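The values are calculated or read from the model by the stated rules, or taken from the named source; none is laboratory data. The structure presented is a predicted model; accordingly, all values stated were derived computationally and were not measured. Cβ sites come from the backbone with ideal geometry, for glycine too, and all protein chains shown count toward neighbours. Ligands, DNA and RNA are excluded from the accessible area calculation, which covers all protein heavy atoms including side chains. Shrake-Rupley method; radii C 1.70, N 1.55, O 1.52, S 1.80 Å.
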Amino acid sequence: CILPNTGVQTEYQSPACVAGDREPTVRAAGIEQGLSGSHFCILKLDDVVTNVNSQTLTAMAKINAFISVNKALMHPFGFFDVIGTWYAEQDYYGVAISYEEELKRQGESPTVYIHLRPCWWPNEAALTAGKIEDELNKEDLILWFPERLSYEWLLKESKKDPIGFAIKYLNDPRKAHSV
């Protein structure tokens, strides 16, 4: 536990860290912030790909390069965690997912674990019946947040803005044209 108003607000040094590094265990920084020469035990990327920096191939390549450089600052034994919205095949998430899919096709072990959670997915009965996406109805789906995102509301969103729905609610831009 850290006492209020102690230490640096953007850094944390774990008392369990015995590596003797001059850097903190965790430092909060923007993806474009210069961290050269630093080495960390934990690298947590939260929403580094945005609706703005994923609009062009050049912008996505720039962010992908920043992530690659920053990942090299992590100790080999460190923990790397990335969360965010997948906007395009060429953004960091799309590149990582494609790489892992290719490893799987080649029978190789994964280098990372990827967890994608859509707002809804087919239940066991729908899968057993072999229903395709266009055939699914309310009884065929499991909702992730039914108390906030009802089936009726999600269905309207999917029809109103299929591309936005695929990105923000299905977390899969590949489904932008198949909703």
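Computed from backbone phi, the HN-Hα couplings of the stretch 50-57 come to 10, 5, 8, 7, 10, 7, 10, 4 Hz, rounded to whole numbers (Karplus: 6.51 cos²θ - 1.76 cosθ + 1.60, θ = phi - 60°; Gly and Pro given as x). Between residue 111 and residue 90, the C-beta separation translates, for a Förster distance of 25 Å, into a calculated FRET efficiency of about 0.85.
When 133, 139 are compared by accessible surface with a 1.4 Å probe, the order from highest to lowest is 139, 133.
If you take the alpha carbon atoms of the stretch 33-136 and fit the smallest convex hull around them, that volume is 151 Å³ per residue.
Secondary-structure-derived ellipticity at 222 nm for the chain, considering helices only, amounts to -8500 deg cm²/dmol, per-run term -39500 (n - 2.57) for DSSP H runs with n ≥ 4. May I ask for the net charge around residue 118, where only other residues with Cβ less than 9 Å from the Cβ of residue 118 are counted and Lys, Arg are +1 while Asp, Glu are -1? With Lys, Arg at +1 and Asp, Glu at -1, the neighbours total +1. Summarised in one figure, the compactness ratio Rg/Rh of the chain, Cα atoms and Kirkwood Rh, is 1.05. Each DSSP beta bridge with both residues in the chain is either parallel or antiparallel, and the antiparallel ones are about 45%.
Using θ = phi - 60° in the Karplus curve 6.51 cos²θ - 1.76 cosθ + 1.60, the 3J(HN,Hα) couplings for the stretch 41-46 round to 8, 10, 10, 10, 9, 10 Hz; x is entered for Gly and Pro. Taking every protein chain into account, the accessible area of the stretch 87-179 amounts to 68 square angstrom per residue (probe 1.4 Å).
Taking θ as phi - 60° and the Karplus parameters 6.51, -1.76 and 1.60, the scalar couplings of the stretch 78-94 work out to x, 10, 10, 9, 10, 10, x, 9, 8, 9, 7, 4, 8, 6, 4, 5, x Hz in sequence order, x denoting glycine and proline. Think of the stretch 70-114 as having a plus end and a minus end, set by charges on the Cβ of Lys, Arg, Asp and Glu; of 70, 87, 97, 70 sits farthest toward the positive end of this dipole.
Database remark: amide H of residue 45 closer than 5 angstrom to the amide H of 81, 82, 83 (H placed geometrically; neighbours at sequence offset of 5 or more, or on other chains; Pro and chain starts carry no H).
Near residue 139: Cβ cut-off under 14 Å, other residues only, Lys/Arg at +1 and Asp/Glu at -1. The net charge is -2. For the stretch 102-126, backbone nitrogen atoms closer than 16 Å to the point 7 Å from residue 159 Cα along Cα-to-C-beta are found at no residue.
For residue 74, the amide hydrogen comes within under 5 Å of the amide hydrogens of 40, counting only partners 5 or more places away or on other chains and with H modelled in the peptide plane. Within the stretch 110-179, the proportion of Cα pairs with more than 20 Å between them is 30 percent.
About its Cα centre, the chain has a charge dipole of approximately 280 debye under the convention of +1 per Lys or Arg Cβ and -1 per Asp or Glu Cβ, with nothing else charged.
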